[in-house]
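K.L.:
Pasting in a structure now, in structure tokens, and then I'll have a few things to ask.
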Amino acid sequence: MCGIIGYIGHRDIVSVLLAGLKRMEYRGYDSSGLAVLGSDGIDLKKRIGKIADLEEDLNGQKIPGWLGIGHTRWATHGVPSTLNAHPHKTRSGELALIHNGIIENYTAIRDDLSRKGHHFTTETDTETLLHLIQDYYRGCTLEEAVREALKHVKGTYGIAVISRTEPDKIVVARQGSPIVLGIGENENFVASDMAAFIEYTKDVIYLNEGETAVIYKDHFEHKTLNNHKINRKPERINLSVEQIEKSGYPHFMLKEIFEQDHTVEDAIRGRLREDEGTARLYGLGKYKDALTDAKRVIIVACGTSYHAGLIGEYMLEEFGGIPVEVEYASEFRYRNPIIEPGTIVFAISQSGETADTLAAMREAKHKGAVCLAICNVVGSTIAREADAGLYLYAGPEIGVASTKAFTSQITVLALITLYIARRKKMSILDGQKWVKEMKSLQRKIQTILKSDGYIKKIAEFFKDRPNFLYLGRGYNYPVAMEGALKLKEISYIHAEGYPAAEMKHGPIALIDKDMPVVFIAIKDGTYDKIMSNIEEVRARNGRVIAIATQGDEEIKSKAESVIYVPEVAYPLMPILTVIPLQLLAYHIASFRGAHIDQPRNLAKSVTVE
Ligand code: F6R
């Protein structure tokens, strides 16, 4: 995790770095810092807390200089503290370094360097890397010293290093953590995410694994870690500043929930063929046939993306006729999975940078599987390393709790399912119905969003409960898990998501008059069964909140609160049913005064194992 930024050019360095760090605060927010190189050497400012705290410390102070680096941290080695915050500077004041990733063999390197007389002051793995570079920085250039040092490092890094004795450059390198260069006119940028510098330039170069760059004010050199030149042209990115601002919403999460009518539509745009009742999936390129003929599909993902994968499993098996397994990427990567010929692996990841998902995909590729990505962040590592894939086109998701990415992931999985189903058994008429249903989603999401005020009232009523249970069946079982995840991560209330029928095998023991139980009780094939489960909860005085199909009057007599959603074909229902759960979690967290966009201990992009 962590966000890094570097800038060299004519603008006020501190302002550029602070603005960039704020855009990347989703990557970590326990401490931050910056280093500016000017005629008096490297000036360092850092502190524990959010970027706003660092800004307050600086109090509008200008630090004269022509280049700088900045960092927002999500602690891995060493507690969050001002001392452990980056940048790290050598005692002599010659070098400063920022780092995103983990140096796995740092203890061995540290012991070795300590024997040589190096003195360490922090608990971080990053300081070890700085000393290692310093150790090699004798009689050679900074770039050479960085390259040499990195040969001895195991682990992951995205780094930026500056030197007082080579004051015209920033040296950067990437292995396992994203780095993107922003190419401007007489100014250049580097960051973990292009959002950090998007108002200055839209021309970017993504570094691949094992690549380095040296950035000057008016040019840059791009190489491999083995010192071979790379001539990759900058690409122009289609991202506006408005897309990464809050646009009047109090939190990014709320803005992103309210964007879903558009983001679901954006995932569909240009991908439906009404006449043929199918989907067109250009992004899958030559792998479309392999997908249709697949003997087995494995979906690897984490967190919310994993929940979307579970819904994909239901759809692909029922309509695509392909056996599907969904695996936590973190488990898949370490358990020597069997990949037979004809296996397609889908890696689902909003950020496209989740370390476990990336590693799982690499392992599957290594074993010969065709790997297809479903990612939101364009140009992300998973998107680039996959054989092919489909983007969500949901725009930047900045709130740490994933919302719009989830509904877009299900939408894309529905497109894939439709495509496969039509090439197999689904009739053109059924395909056309599916297309029609997908097209109706935007309007139906708008209807649900109108219930926000009512959901807020329910949230106020239940906000102080210490536990919540979420229950659903079939396609809405993963939605129950997602609803529980949303609540726990932003409100810190303990919540569990379960298949409703499983309740009697354990969780029912928890139910008493203080336990809110959120049922996703949609009029589908599971409705009667779920009504019985509601009765079981009521019989034990549980407090029932139901997400129900518009027009279902019967449920009013069984649930304390009912939130209605419009009807849609049942495989698509999770796209609608999850939205009230996102809003419920949001408002409960808001009533509890929680840090909604930056919940404690979390980070948006989990680039460590
Ligand atoms: C939950 C959440 C996380 C992510 C998970 C995977 O709200 O945000 O559980 O879903 O870390 O992230 P991606 O999709 O970027 O791979």
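The values are calculated or read from the model by the stated rules, or taken from the named source; none is laboratory data. Note that this is a predicted model, so its numbers are computed, not measured. In this analysis, Cβ positions are derived from the backbone assuming ideal geometry, glycine residues included, and neighbour counts consider all displayed protein chains.
K.L.:
Report yes if some residue within segment 26-39 is acidic (D, E) and within 24 Å of A213 (Cα to Cα); otherwise report no.
P.N.:
The answer is no; no qualifying residue exists.
K.L.:
Give segment 590-609 a look and list any residue that's at pLDDT 95 or above and within 12 Å of the ligand (Cβ to nearest atom), or say none.
P.N.:
none
K.L.:
Separate question: Within segment 340-363, is there a residue that is away from the ligand (no atom under 13 Å from the Cβ), out of contact with any strand residue (DSSP E or B) (no Cβ under 7 Å at 6 or more places or on another chain) and hydroxyl-bearing (S, T, Y)?
P.N.:
no
K.L.:
Same structure, new question: Mind telling me which of the residues A267, A279, A294 ends up being within 28 Å of I596 (Cβ to Cβ) and of a type in the set (A, V, I, L, M, F, W, C)?
P.N.:
A267
K.L.:
Among the residues of segment 315-332, which ones are assigned to a helix (DSSP H, G or I), touching a residue at least 24 places away in the same chain (Cβ under 8 Å) and not small (G, A, S)?
P.N.:
M315, L316, E318, F319, F332
K.L.:
Do the conditions hold for L113, that is, is it crowded, with 21+ Cβ neighbours inside 10 Å, part of a helix (DSSP H, G or I) and modelled with pLDDT of 95 or more?
P.N.:
So L113 does not fit the description; no.
K.L.:
Please verify whether V378 is assigned to a loop (DSSP other than H, G, I, E, B), among the aliphatic types (A, V, I, L, M) and within 11 Å of the ligand (Cβ to nearest atom), treating the condition exactly as stated.
P.N.:
no
K.L.:
Then there is this: Residues of segment 306-337 being in contact with a Ser or Thr (Cβ under 6 Å, 6 or more places away or on another chain) and more than 16 Å from the ligand (Cβ to nearest atom), which ones?
P.N.:
Selection gives M315, L316, F319, G320.
K.L.:
Are any of the residues in segment 381-390 buried (at least 20 other Cβ atoms within 10 Å of the Cβ), farther than 18 Å from S177 by Cα and more than 9 Å from the ligand (Cβ to nearest atom)?
P.N.:
Yes, there is a match, as at least one residue in segment 381-390 is buried (at least 20 other Cβ atoms within 10 Å of the Cβ), farther than 18 Å from S177 by Cα and more than 9 Å from the ligand (Cβ to nearest atom).
K.L.:
Quick one: is F406 among the aromatic types (F, W, Y), touching a residue at least 60 places away in the same chain (Cβ under 8 Å) and closer than 25 Å to V326 by Cα?
P.N.:
yes
K.L.:
Which numbered condition trips up V537, out of (1) surrounded by 21 or more Cβ atoms within 10 Å (Cβ to Cβ); (2) touching a strand residue (DSSP E or B) at 6+ places or on another chain (Cβ under 7 Å); (3) modelled with pLDDT of 95 or more?
P.N.:
Every listed condition holds for V537 apart from (3).
K.L.:
Right, another one. Identify all residues within segment 238-254 that are in a loop (DSSP other than H, G, I, E, B) and of a type outside the set (V, I, T); write none if there are none.
P.N.:
N238, L239, S240, E245, K246, S247, G248, Y249, P250, H251
K.L.:
So which pairs qualify, if the first residue must be in segment 199-215 and within 22 Å of I382 (Cβ to Cβ), the second must be among the hydroxyl-bearing types (S, T, Y), the Cβ gap must be under 8 Å, and the two must be at least 6 apart or on different chains?
P.N.:
Listed by first residue and then by second, the contacts come to E209/T381; G210/T224; E211/T224; T212/T224.
K.L.:
Could you please give the count of residues in segment 7-30 that are among the small types (G, A, S) and not in a helix (DSSP H, G or I)?
P.N.:
Total meeting the criteria: 2.
K.L.:
While we're on this one: Looking at G312, is it assigned to a helix (DSSP H, G or I) and within 26 Å of the chain's Cα centre (by Cα)?
P.N.:
yes
K.L.:
Now for a different question. Report, by residue number, each residue of segment 267-290 that is free of Cβ contacts under 8 Å to residues at least 60 places away in the same chain and on the phi > 0 side of the Ramachandran plot.
P.N.:
G270
K.L.:
Is it true that some residue in segment 391-405 is under 24 Å from the mean Cα position of the chain (by Cα), in a helix (DSSP H, G or I) and not assigned by TED's automatic domain parsing to the domain that holds D597?
P.N.:
Yes, there is a match, as at least one residue in segment 391-405 is under 24 Å from the mean Cα position of the chain (by Cα), in a helix (DSSP H, G or I) and not assigned by TED's automatic domain parsing to the domain that holds D597.
K.L.:
Give the number of residues within segment 116-129 that are part of a helix (DSSP H, G or I) and either of a type in the set (K, R) or over 13 Å from H88 (Cβ atoms) (or both).
P.N.:
Residues that pass the stated criteria total 0.
K.L.:
Just give me the residues in segment 291-305 being under 30 Å from K488 (Cα atoms), hydrophobic (A, V, I, L, M, F, W, C) and either more than 10 Å from the ligand (Cβ to nearest atom) or touching a residue at least 60 places away in the same chain (Cβ under 8 Å) (or both), in sequence order.
P.N.:
I298, I299, V300, C302, listed by residue number.
K.L.:
Continuing with this model, one more query. I'm trying to understand the selection: among the residues of segment 235-250, which are surrounded by 14 or more Cβ atoms within 10 Å (Cβ to Cβ) and either modelled with pLDDT of 95 or more or polar (S, T, N, Q) (or both)?
P.N.:
Once the filter is applied, which keeps residues that are surrounded by 14 or more Cβ atoms within 10 Å (Cβ to Cβ) and either modelled with pLDDT of 95 or more or polar (S, T, N, Q) (or both), segment 235-250 yields only Q243.
K.L.:
Check whether at least one residue in segment 165-172 is buried (at least 16 other Cβ atoms within 10 Å of the Cβ) and out of contact with any strand residue (DSSP E or B) (no Cβ under 6 Å at 6 or more places or on another chain), and report yes or no.
P.N.:
yes
K.L.:
Looking only at residues that are modelled with pLDDT under 95 and of a type outside the set (D, E, K, R) in segment 119-142, which one is farthest from the chain's Cα centre (by Cα)?
P.N.:
Among those residues, the one meeting the criterion is G139.
K.L.:
Name the single residue that is surrounded by the fewest Cβ atoms within 10 Å (Cβ to Cβ) among those in segment 463-489 being in contact with a Leu (Cβ under 9 Å, 6 or more places away or on another chain) and acidic (D, E).
P.N.:
E489
K.L.:
OK, next. What are the pairs with Cβ atoms under 8 angstrom where one residue, in segment 79-106, is closer than 11 Å to I42 by Cβ and the other, located anywhere, is aromatic (F, W, Y) and in a loop (DSSP other than H, G, I, E, B)? Sequence gap at least six, or different chains.
P.N.:
Sorted first by the residue in segment 79-106, then by its partner, the pairs are E94/Y137; L95/Y137.
K.L.:
Pick out the one residue from E123, E56 that is acidic (D, E), under 30 Å from I596 (Cα atoms), assigned by TED's automatic domain parsing to the domain that holds Y7 and without any contact (Cβ under 8 Å) to a residue 12 or more places away in the chain.
P.N.:
E56
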